[in-house]
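Data first, discussion second: the structure below is written as structure tokens.
Laboratory data are not the source of any read-out in this text; all were calculated from the coordinates shown. Keep in mind the model is a prediction, meaning the values are calculated, not measured. When we count neighbours, we look across all protein chains shown, and the Cβ atoms used for this are built from the backbone with ideal geometry, even at glycine.
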Amino acid sequence: MTRQATAIAHPNIALVKYWGKRDRALNLPATSSLSVTLDRFHTRTTVTWGAAQDEIVLDGVEVEGHVAQRVLDFLDLVEPARPPCRVVSASNFPVAAGLASSSSAFSALALAATAAAGRSLEPAELSVLARRGSGSACRSLWGGFVHWTRGERDDGLDSHGQPVLLDEPWDLRVVVAVVHAGPKAVGSTEGMVRTRATSPVFPVFVAENEALVLAGRDALLGRDLETLVSCMERSTTLMHASMLTAVPSVRYLAPGSLAVLDAVDALRMSGVGCGWTMDAGPNVKVLCRAVDAERVRDALALHIEQVLVLGIGGPARLVEAL
Ligand code: PMV
């Protein structure tokens, strides 16, 4: 029987970072992390469970090789003895460019594939499944702010996202300076494996990050932007320091990234509450209050051509299930 389901998911940006795997096959993280889900950017994925043959279409192009294999391996996790499947997925923002496209992609895929397979999973189980596709995807099932707990179990069943519920919504913005929208040179898995194996700074990142997650979560609950951005910048700095001190060095930053950091420092000096983070790419994301977003955007636009203002997104959702 052919079944089809479509899901939409938003990417998330880590406020306190995930970098390094304690189990590569299961995508179990070395540390917990904390994220914000973005609005506007999304991935929309349709899975047909029972097609003539396996077929993967990403952003309008049929893909083969390791990109297709990663999707097919994920479908095998949903059901090892599955029928041939067709997956059609498209994102409305640059993929593999440090804009967290794998988080929305594997979150949408997990939701659409399980629905198309006729399976209904609890949110934590779905998050565990999404994590197997891409670690950060386990945080994209929820809107708002999400805490991914590292977990202790070897099978990873306690390593999944959980929403951080605020009493009232907090009207924050993420201003994205698109320093470079092209694909990154070193994929996140390769970068993580190399960093963990060779960087003398990586243990320092791991040792500090767990406390930063808890302090960041408390700052969120207490609406304390100053503390939140200090946790975010500290975690980001330690993560990039560990990348840079890997052998060979993993360098995602570009001159434009540093110009944006200087601009944020200047904004802060002038009294605007804001702070930055960067992922596996040169783009910089700046967290600020909604009322300050235009001022932040204008300041960054002096240095970077493309600056986008995003709000806080909602949860991943099914939009059709036949
Ligand atoms: O989920 P992955 O394998 O794309 O790794 C994401 C890693 C960072 O974006 C750099 C940090 C994070 O916590 O999202």
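Listed values, structure above:
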item	result
Where only C-alpha atoms are counted, convex hull volume of segment 1-68 per residue in Å³	143
The chain: Cys lacking any partner C-beta under 4.7 angstrom	Cys85, Cys138, Cys231
Gaussian network model of the chain, springs between alpha carbon atoms under 10 Å - residue of Gly187, Gly161, Gly216 with greatest fluctuation	Gly187
Scattering profile of the chain at q = 0.15 Å⁻¹ [log10 I(q)/I(0), Debye over alpha-carbon scatterers]	-1.21
Overall form of segment 3-167 per C-alpha gyration tensor (a/c, 1.5; a/b vs b/c)	prolate
Extension gain from Ser120 to Asp76, taking 0.36 nm per residue of separation minus the Cα-Cα distance	14.2 nm
Cut-off of 10 Å, at most 16 other beta carbons, DSSP loop: longest stretch of the chain lacking such GluC sites (Glu not before Pro)	153-304
Percent of Cα-Cα distances greater than 16 Å, calculated over segment 144-259	70
Percent RCO, i.e. relative contact order, over the chain, from Cα pairs under 8 Å lying at least 6 residues apart	26
Within a Gaussian network of the chain (alpha carbon springs, distance under 10 Å), most fluctuating of Arg22, Arg40, Arg82	Arg82
Space enclosed by the convex hull of the alpha-carbon atoms of segment 214-322, per residue, Å³	171
Segment 291-322 versus segment 226-269: alpha-carbon centroid distance in Å	20
For segment 94-148: rounded, prolate or oblate by the Cα gyration tensor [a/c cutoff 1.5]	oblate
In order through segment 54-69: 3J(HN,Hα) via Karplus (6.51 cos²θ - 1.76 cosθ + 1.60), integer Hz, x for Gly, Pro	5, 8, 10, 10, 10, 6, x, 10, 6, 10, 9, x, 5, 5, 5, 4
Whether segment 103-204 is rounded, prolate or oblate, judged on the alpha carbon gyration tensor where a/c under 1.5 counts as rounded	rounded
Helix axis angle, 123-133 relative to the chain longest principal axis, alpha carbon, degrees	90
